[in-house]
Amino acid sequence: MSNDILTPVGRLVSGHPMEMHAVTDDKTKVQKTFADGSPMFNQSVGIAFPKNGTTHWDQTEWGAAIKAAAVAAYPRGEHGMKTFSWKITDGDSTEPNKKMVTPASREGYPGHWVLFASSCFPTPCYHVGKYAPHEVIQNKDEIKRGDYVRL
C-alpha cells in the first residue's frame with residue numbers, strides 16, 4: 001500500500017505552501033530547535049473541499065485514504081481516540097477554537113471539509129501540467145489564498 005495520497009482540487013483557505021515560519025513553543029514563545037541545535041521552521045496550509053452531501057470527511061475518497069493510512073500507522077487503535085489529531089475541520093462547525101473563532105465564520109469554510117497539512121521541508125509547487133524539476137514555481141506571489149490547489 002502506498003502512503004501517497006493525492007487530494008482532489010480544493011480551495012486554499014489558510015496558510016501558504018511556500019512560506020516557512022518559525023516553530024515556537026506555545027507557552028514560552030521561544031523558537032524550537034532540532035537536536036543538532038538548528039532552528040525549526042515549517043509551512044502549513046488549509047485546503048477546503050466541498051462536502052457534497054457527506055456527513056463525515058471519511059465518506060470522501062481522500063478522507064477514506066487518510067483514515068486507512070492512520071489505521072495502518074496506528075494499529076493499536078489510537079486513531080479512534082477523541083484526542084487523535086486528524087487535522088480535518090468541519091467548516092460548518094460553530095464550536096470556537098482557542099482564539100474563540102468558529103470555522104463557520106471563516107471565509108471559504110462553510111459547506112466544506114478543511115484539511116490542514118504542514119511540513120518542516122520546503123514544498124515544491126507547480127502549475128497544472130508543468131511538473132518537471134525546472135518548472136517549480138519560484139515566485140510565491142503566484143499562489144494566493146482563494147486559489148484552487150491540490151495536495
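The values are calculated or read from the model by the stated rules, or taken from the named source; none is laboratory data. Values in this document were obtained by computation on a predicted structure and should not be read as measured data. Here the Cβ is made from the backbone with ideal geometry for all residues, glycine too, and neighbour counts use every protein chain on show. All accessible areas refer to the heavy atoms of the entire protein, side chains included, with ligands and DNA or RNA removed. Shrake-Rupley method; radii C 1.70, N 1.55, O 1.52, S 1.80 Å.
Which value in nm describes the separation of the simple spin-label points at residue 123 and residue 139, placed 7 Å from the Cα toward the beta carbon?
It works out to 2.2 nm between the two label points.
What relative contact order, as a whole-number percentage, does segment 37-151 give when Cα pairs under 8 Å and 6 or more residues apart are counted?
33 percent.
Which percent of the accessible area of segment 22-151 is formed by carbon and sulfur heavy atoms (probe 1.4 angstrom)?
After summing per-atom areas, the C and S share lands at 55 percent.
For 121, 116, write out the residues from largest to smallest accessible area, computed with a 1.4 angstrom probe and no ligands counted.
Putting 121, 116 in descending order of accessible area: 121, 116.
Rounded to the nearest 0.05, what FRET efficiency is calculated for residue 56 and residue 149 with R0 set to 30 Å and r the Cβ-Cβ distance?
Between residue 56 and residue 149 the formula returns 0.85.
Before I look further, what does segment 21-131 give for accessible area per residue, probe 1.4 Å, in whole square angstrom?
So segment 21-131 comes to 68 Å² accessible per residue, rounded to a whole number.
How high is the relative contact order of segment 18-76, in percent, counting Cα pairs under 8 Å that sit 6 or more residues apart?
21 percent
Suppose we flag trypsin sites (Lys or Arg not before Pro) only when DSSP calls them loop and at most 15 other Cβ atoms lie within 10 Å. Which is the longest uninterrupted stretch of the chain?
33-75
Under the classification rounded if a/c is under 1.5, otherwise prolate if a/b is larger than b/c and oblate if not, where does the chain fall, given a ≥ b ≥ c as square roots of the Cα gyration tensor eigenvalues?
rounded
Based on the alpha-carbon gyration tensor of segment 72-129 and its eigenvalue square roots a ≥ b ≥ c, which shape applies: rounded if a/c is under 1.5, prolate if not and a/b is larger than b/c, or oblate?
Verdict is oblate for segment 72-129.
Students sometimes get this wrong: rank 24, 60 by accessible area, probe 1.4 Å, all chains present, largest first.
So the residues, ranked largest to smallest area, are 24, 60.
Could you give the length gained by full extension between residue 105 and residue 70, i.e. 0.36 nm per residue of separation minus their alpha carbon distance, to one decimal place?
9.7 nm
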